[in-house]
Structures are given as structure tokens and as C-alpha cells.
Amino acid sequence: MRAQDLLQGLLYEQDYIGAFLLVTILLGGGAAWIAGRSIALTWRPWWQVVFYMLILGGAQRFFHATLFDGTLLSAYYYAVDSLIAIAFGLAGFQFARARQMARQYGVVLGPR
């Protein structure tokens, strides 16, 4: 069994990986990164990233269903899309918050 066949049922439902890469990774991941960064730059808590990425996961399912004939109401693939969005969102949040803290409190933190 090929690795692509194994990933097809695990990460994406279509017959090709292109739809998953486009909608979930490129568009959804990019939007999640920017949203996580924006949440950090406005000094809001990290849990808001999780909340907004759950909404983004629903939007990703909608795009999969309308553009690539995927399943709209699939709890499993919603969870996959949402978890990937949460990962990208928290990474963007952490990246922005680390830069923000270093700039704001660089004197207190000192050189490492």
C-alpha cells in the first residue's frame, strides 16, 4: 500500500491530494497564520485562536464541499481541517507574540 493511499482516507477524502493542499494547507493555513498573528498583535489570549480556527474549519469544509464535491457535514474531516488550522493559527500567534514580547520587554529579558 502506498503512502498516498494511506493519507487519502486519513487526511483528505478526494481522489487527489491537490484539493487538500490548496484548501486546507495553502488557503486555510495561510488564513489561520494571519488570524493567529492578528490575535497576538492585539494582545488577546491564545484560546481565541482556537475558537476562531474552529469557525475557519467550517469554512474549509464548505469550500471542499462546493468546489471539490467533498462532504460538507463530516465530523472527522471537519476535525482534521480544524486541527490543521489550529496548528497554523497557534504557530502564527506564537511567532508574533515572541517578537512582540522581545520588542516590548527586551530590556527585561536581556540577551540570551
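The values are calculated or read from the model by the stated rules, or taken from the named source; none is laboratory data. Computed from a predicted model, the values in this text were never measured in an experiment. When we count neighbours, we look across all protein chains shown, and the Cβ atoms used for this are built from the backbone with ideal geometry, even at glycine.
Of everything listed in (1) at pLDDT 90 or above; (2) surrounded by fewer than 18 Cβ atoms within 10 Å (Cβ to Cβ); (3) of a type in the set (A, V, I, L, M), the single unmet condition for A40 is (2).
Taking the criterion of being of a type in the set (G, A, S) and touching a Gly at 6+ places or on another chain (Cβ under 7 Å), would at least one residue in the stretch 47-64 satisfy it? Taking every residue of the stretch 47-64 in turn, none turns out to be of a type in the set (G, A, S) and touching a Gly at 6+ places or on another chain (Cβ under 7 Å).
For the stretch 88-112, the set of residues classified as modelled with pLDDT under 90 and either more than 30 Å from L26 (Cβ to Cβ) or aromatic (F, W, Y) (or both) consists of Q104, Y105, G106, V107, V108, L109, G110, P111, R112, listed by residue number. Condition check for W46 on (1) surrounded by 13 or more Cβ atoms within 10 Å (Cβ to Cβ); (2) at pLDDT below 90: one failure, at (2). If you filter the stretch 18-74 down to residues that are among the charged types (D, E, K, R) and part of a loop (DSSP other than H, G, I, E, B), you find that the one that is nearest to L90 (Cα to Cα) is R44.
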